[in-house]
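Novice: One structure coming up, written as structure tokens, with questions to follow.
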Amino acid sequence: MQALGPRRQSTLIAFKGTAETAGSVGDTEPLPGFGNVAKAVFGAVLLVIRIAIVTGVDKQLEAALVEASRPGSRA
């Protein structure tokens, strides 16, 4: 696999034009740390959903939403 290293660098140099700027390809991350934040938020959402299921709040919420969606309801 080490044989691919120089080939990749030459491809980057060809793409960017010079050896000085070739190293900058892929060095910048668009939103640093976004993956960690997204994981934490997703984990928190799943935790809230689990708690709602265990306590039965999801059934109450579902019943309220079904009642509100009926024609003639005062939602």
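The values are calculated or read from the model by the stated rules, or taken from the named source; none is laboratory data. Quick caveat: nothing in here was measured; it's all calculated off a predicted structure. Side chains are part of the model used for accessible areas, which takes the heavy atoms of the whole protein and leaves out ligands, DNA and RNA. Shrake-Rupley method; radii C 1.70, N 1.55, O 1.52, S 1.80 Å.
Novice: What is the gain in length, in nm to one decimal, between residue 42 and residue 66 on full extension, counting 0.36 nm per residue of separation less the C-alpha to C-alpha distance?
Specialist: 6.0 nm
Novice: Additional query: Enter the accessible area of residue 41 (Å², nearest 10), with the probe set to 1.4 Å and all protein chains included.
Specialist: Residue 41 has an accessible surface of roughly 80 Å² with all protein chains in place.
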